[in-house]
Amino acid sequence: MSAFFRSKEIQLAILILSFLAVFIPYFLNIPSDHPLNVFSTKLILIAGITNAFTLALAVYSQFRRGLSFVRRRARGYIFKIYMMTAIILMLIFWTMGETTGPYHWVMYAIITPLSSVNYSILVFYMASTGARAFRARNAKALLLLITGFVVLLYQAPLTGAIFPAINPLGLYFGNTFAMAAGRMFLISVTVGAIVFGVRVLMGKETQVLGFGSEKE
Amino acid sequence: MSEKKGLMRFLAEYDRRIIYLLIFVVVIGPLLSPFILPISVSPDTQAYYNVIDKLGPNDIVMVVFDTEFSGFMELQSGILASMRVMIEKGAKMVIAVSHPEATGIPELVLNQLADVISRKQYTYGKDYVYLGYIFPNEAAVAATAQDFHGAVRQDYYGKSIEGTLLDKVKDWSSWSLISDYTTGIQSQALINHYGLRGTPMIVNCIGVMVATQKPYVSSGIYKALLQSMRGGAELEYLIGVPGPGLTAMNSFTLGHYVLIIFIVLGNIGYFGYTRYKQKPTGG
Amino acid sequence: MDLVEISITAVGAFISICMFTTLYGKSNPLYALAEESYIGFATGLTVVVNLLYIYRTGILGIQAGDTILIVGIILGIMILTRISKKYSYIARLPLAITIGAQFGLALRTTIFSGFIDQIKGTILPLFNTDMQSMIYNWTIAISVILMLTFFLYTMELKGPLGLGASIGEYIMYICFGAIFAQTFMGRLGLFVGFMQNYTVPPWKIPYLLGSLIIVFGAVMILDKLKLLEKLTPEE
Amino acid sequence: MGASLFGIPGIASGKSLGLLLDILIVLIVIYYIRSGKKLFIRRVSGLDAIEEAVGRAAEMGKPVVCSFGIAWNGFDYWTMAGLAIMAHVARLSAKTGTRLIVPTGGSTASMIVRPVAEEIVRTALMLEGREDEFNPNDLPFMSDQQYAYTGGYIGILQRTKPAAVIMTGSHASEAMNIAETSNAIGAITITSGSYISNVAALACASDYILIGEEAPAASAYLSDDPGLRSSIRCQDIFKWISIALLVLGLITFNAGSDFFLRLLSS
């Protein structure tokens, strides 16, 4: 049985079949209750359910890492004990109801504010980067400086209201250059990603399936 | 002379914590005593408003909170303003989320819209349904686009969705509109499995995503794009109901001005000090 | 407002400001407290939500007669063998199936959204339209084409091609300026929105300002006493 | 938009061209892999910056920190590029005897990628006959949570004060925190970005940036695998196709013909 799992060829064949089952019906001119379409829908659902399980791996590694701190009595290991307790507490709280009680409290007092901080804190780094990088050191930096400066001015809502002449210029930069770069990036990356997919299907990137980089 | 050099050197090499402190101050300051300054409405926001303004009681809209909680903070003005319009127009709403943290958001939003909900006698099950976290990954989005009732059986509260307005929903073609509020988690999946098939989509995205999302507007996949909190504030201005967006605009303005001032000072410092001291490093 | 709401505000403001202390530039125990709280509770939440997904989509689906979904659960259990060094090969089957399906989903659509539609969207009127659209369309068309030439790798960029590519590179920096500004707006929006959460309604303000003073005060005092490092956990 | 130009029997309307382009990609990749030729790849200037940075670290006797991203999609396009560049850095530092630190983690899927990274670093040392110097603690697993990983990464930077920080592959928003910290401690900061808003921000925050696809191209340049080089060639061919479609489309459309729009809608 283990040969079945160890064979690169068999696993690759399964990967390709699963790929084709999802890929092909999309292009065919067939009704949604056609067996091919039904099969593809079910396979997609199954993949979704299977993926949900991978979270257990993350939790496991979280505990393994935390416990190694505790075992070593590393400095501040008490924080790790707290972290692991929190995971378990959250599960217990959930059994006590979702819309009220401690689950609800933790959600709004701890999780939501901290998640917000993690992203909003980036404004500080952006500001110090901008203040440092937007200096007219050379031609490229000068171009960066000019557009950045104009768009920043335009984005401050008060500027547009007292000095409307900035609006067309700010809109121009945002709607042409920023958009063009996004579009160029999309075109070039799309092909790269498809080529990568093709390489996987051709068995050139078997690490994807958990086969070691060279030997096995 | 040496004093002048000292100032120039400071402008070139100050402690970055000074910027941090100033940003903190200019953001919190105006929030402590809010007042509303005029703003200008961009064509993008106008286009967004035109789409939701055309909705009617026969339309079923999928409202997707495609965001972590942090993104919600930025998008809430857009969410509140556009959902207010949808409720006013009597359009049916089906709310779904694509991030575990977002499961708490609909409750907050609906509470803040309580006035219009009771005025329009907008009722759960008949006019709106909340499905919870049904989009954990692209596969899940694709499944709902192909066979909705095969993929979703219960609402967030664990009740069966049979007998609700969802009876009319079969697949991607059943929706009049998808209204996505996004930090980019499942937007691409919604585009792939709904937008490309022809379901109309409008999007309110965080500022970071604007450049990434813009190309989809001009290629026609999105009907309109509302940008960041600024767009939300403009929408509030258009519908005439001031909310979190408009009151935040002063902090927004000042935050931008702080950076602009530092850029100017940094350049003075650069030409007055750095350029003489060291050769420039890379691009 | 009731006690629950007050406690949510007070704890939320306090723990968030703890997180902001990373801006002070030195690791400190209050930051560690916020960080471990986030990791612990957020991981717990993700577990809950994924369990619910498995239950609602998988188990309920099976009960409703969609028995084939049991395969999803079996494959999900198989994927857990990755934990073991000895049996991790079993996880390859579910990986093969899910990765195959994922690639199928991605590849069947990206060629449209990322390639064809983007080209279609760039083919715009360059004449016979109003002045503004003309300027916009010319800029977009020229920028996209020149920037694309910068990303050619299997040939030397010489002559006209080299010129095009280097103009493309300069255009890219113009774009970066605009995009940087938009990104700054986004992060600022997140921060303003966050702060608004603790200033509206006004009864929340004392909790925010109080936390600010207490937390940053504590960090500065600990720094003066040279205790920061000693109290901060190892990485 | 005009009606579609052609349709293939049995294929849903509007999907023929996409299917043909997908098939074309498969054929081109197969063709180049079969032919086995070692194709030319332009050297990306960012590689010089990387070599210079590692050289400077060696001179100063300070470590190099190099990461391949948080791999939130597991082994994807960007992560593979990041790993290849990390392999290059590992070889350079093994040659010069520089300590290399590779922070790993940041997502659930990163756990699948981590062992491969470990193998790469070990191999690089082995090739220089220094296998005994391999220290698994120099590839710390920070956490599978993005921002816990970031905190750990920053901690490492603040404590070890590396001379160079090379951050490529699939980094997301955390890249800005890391790049700013790296800059604050005075390290040479070399980054790459995988999505446009990150690229723009990192272009400002770094001393050198590999813009977008420069990273995969650099990895193909460094690799001897003809397959990898052929995929870059395939991408180039498609860039030419898109440039041709754009130029011809713009010309004919403005001359009054909707031929290309109809072609693209097919």
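May I ask for the angle, rounded to the nearest 10°, between helix B:2-13 and the longest principal axis of chain B, with both axes built from Cα atoms and the value confined to 0 to 90°?
The angle comes out near 20 degrees.
In chain D, which helices (entire DSSP H runs) extend 20 Å or more along their own long axis, judged by Cα positions, while averaging at least 0.5 on the Kyte-Doolittle scale?
D:16-35, D:77-96, D:110-127, D:226-254
Please compute, for peptide B:27-37, the average count of beta-carbon atoms on other protein chains lying within 10 Å of each residue's beta-carbon.
Average neighbour count from other chains, rounded to a whole number: 4.
Efficiency by 1/(1 + (r/R0)^6): what FRET value for A:MET202 and D:ALA255, r their Cβ-Cβ distance, R0 = 35 Å, to the nearest 0.05?
The pair A:MET202/D:ALA255 has a calculated efficiency of 0.25.
Rank-order C:195-203, B:76-84, D:203-211 by packing density, defined as the average count of other C-beta atoms within 10 Å over each peptide's residues, highest first.
B:76-84, D:203-211, C:195-203
What helices does chain A hold that run 20 Å or longer along their axis, going by alpha-carbon atoms, with a Kyte-Doolittle average of 1.6 or more, using DSSP H for the helix calls?
A:8-27, A:77-95, A:139-155, A:178-201
Can you tell me which lysines have their Cα less than 20 Å from the Cα of D:LYS62? Leave out same-chain residues fewer than eight positions away.
D:LYS95, D:LYS161
Counting partner chain Cβ atoms within 10 Å of every residue's Cβ in D:145-156, what's the average?
For peptide D:145-156, the averaged partner shielding equals 5.
For a test of the definition: using alpha carbon positions, the gyration tensor, and the 1.5 limit on a/c, classify the protein assembly as shown as rounded, prolate or oblate.
Rounded.
Compute the Cα gyration tensor for chain D, then decide on rounded, prolate or oblate, letting a ≥ b ≥ c be the square roots of its eigenvalues: rounded whenever a/c is under 1.5, prolate when a/b is larger than b/c in the other cases, and oblate in all that remain.
Taking the square roots of the gyration eigenvalues as a ≥ b ≥ c, chain D is prolate.
Using Cα pairs closer than 8 Å and at least 6 residues apart in sequence, work out the relative contact order for the range A:55-120, in percent.
Taking the mean separation of contacting Cα pairs over the length of the range A:55-120, I get 16 percent.
With a point put 7 Å past each Cα toward its Cβ, work out how far A:ILE78 is from B:VAL25 in nm, to one decimal.
With each label placed 7 Å out from Cα toward Cβ, I get 3.7 nm.
Excluding same-chain residues fewer than 8 positions from D:LYS38, which lysines have a Cα within less than 18 Å of its Cα?
Leaving aside lysines fewer than 8 places away in the same chain, those within reach of D:LYS38 are A:LYS204.
Size of the dipole of the range D:46-222 about the Cα centre, Lys and Arg at +1 and Asp and Glu at -1 on the beta carbon, nothing else charged, in debye to 20?
My answer is approximately 320 debye.
Normalised by the number of residues in the range C:144-235, what is the relative contact order in percent for Cα pairs under 8 Å and 6+ residues apart?
The value is 16 percent.
Quick one: of the DSSP bridges fully inside the protein assembly as shown, what percent are antiparallel, nearest 5?
5
Within 10 Å of each Cβ of D:102-114, how many other protein chain Cβ atoms are there on average?
Rounded to a whole number, the mean comes out at 3.
Exposure proxy check: B:LYS223, C:LYS158, B:LYS120 ranked by fewest other beta carbons within 10 Å?
Ascending Cβ contact count within 10 Å gives the list C:LYS158, B:LYS120, B:LYS223.
For chain A, what relative contact order do you get, as a whole percent, if you take Cα pairs closer than 8 Å and at least 6 residues apart?
Result for chain A is 12 percent.
Using the Cα centre of the protein assembly as shown as origin and beta-carbon charges of +1 (Lys, Arg) and -1 (Asp, Glu), tell me which of D:ALA203, D:PHE134, A:LEU17 is placed farthest towards the positive end of the dipole.
Farthest towards the positive end: D:PHE134.
Tell me, what HN-Hα J-couplings in whole Hz come from the Karplus equation 6.51 cos²θ - 1.76 cosθ + 1.60 at θ = phi - 60° for each residue of the range B:138-154, using x for Gly and Pro?
Residue by residue, the range B:138-154 yields 4, 4, 5, 4, 4, 4, 5, 6, 8, 8, 4, 6, x, 9, 10, 10, 10 Hz.
Rank these for me by crowding, A:HIS104, A:HIS34, going from fewest to most other beta carbons within 10 Å.
Ordered by Cβ neighbours within 10 Å, fewest first: A:HIS34, A:HIS104.
Going toward the positive end of the dipole of the range A:1-132, with +1 on Lys and Arg Cβ and -1 on Asp and Glu Cβ, which of A:ILE81, A:ILE44, A:PHE124 do you reach last?
Of the listed residues, the answer is A:ILE81.
When a footprinting reagent is the concern and you count Cβ atoms within 10 Å, what order do D:VAL165, A:VAL208 take, fewest first?
Ordered by Cβ neighbours within 10 Å, fewest first: A:VAL208, D:VAL165.
When a/c reaches 1.5 or more, the comparison of a/b and b/c decides; with that in mind, is the range B:43-246 rounded, prolate or oblate per its Cα gyration tensor?
Rounded, because the longest to shortest axis ratio a/c is under 1.5.
Taking only Cα atoms, what is the 0 to 90° angle, nearest 10, from helix B:244-269's long axis to the longest principal axis of chain B?
For helix B:244-269, the angle is close to 30 degrees.
Let me spell out the model: positive unit charges on the Cβ of Lys and Arg, negative unit charges on the Cβ of Asp and Glu, origin at the Cα centre of chain A. What dipole size does that give, in debye rounded to 20?
Charge dipole, chain A, about its Cα centre: 1080 debye, nearest 20.
Could you give each residue of the range A:102-107 its phi-based ³J(HN,Hα) in whole Hz, using Karplus coefficients 6.51, -1.76, 1.60 with θ = phi - 60°, and x for Gly or Pro?
Each residue's phi maps through the Karplus curve to give x, 4, 4, 5, 4, 4 Hz.
For the range B:43-246, build the charge dipole from Cβ charges (+1 Lys, Arg; -1 Asp, Glu) around the Cα centre, then report which of B:GLY232, B:LEU177, B:GLY245 sits farthest towards its positive end.
Most positive-ward Cα: B:LEU177.
Which of the pairs B:LYS223/D:LYS15; A:LYS80/C:LYS86; B:LYS126/B:LYS170 have their Cα atoms more than 23 Å apart in this structure?
Beyond 23 Å between Cα atoms: A:LYS80/C:LYS86.
Magnitude of the Cβ-charge dipole of the protein assembly as shown, K/R +1 and D/E -1, about the Cα centre, nearest 20 debye?
About 1660 debye.
Laboratory data are not the source of any read-out in this text; all were calculated from the coordinates shown. Keep in mind that this is a model prediction, so the values were computed, not measured. All Cβ positions, glycine included, derive from the backbone under ideal geometry; neighbour counts span all protein chains shown.
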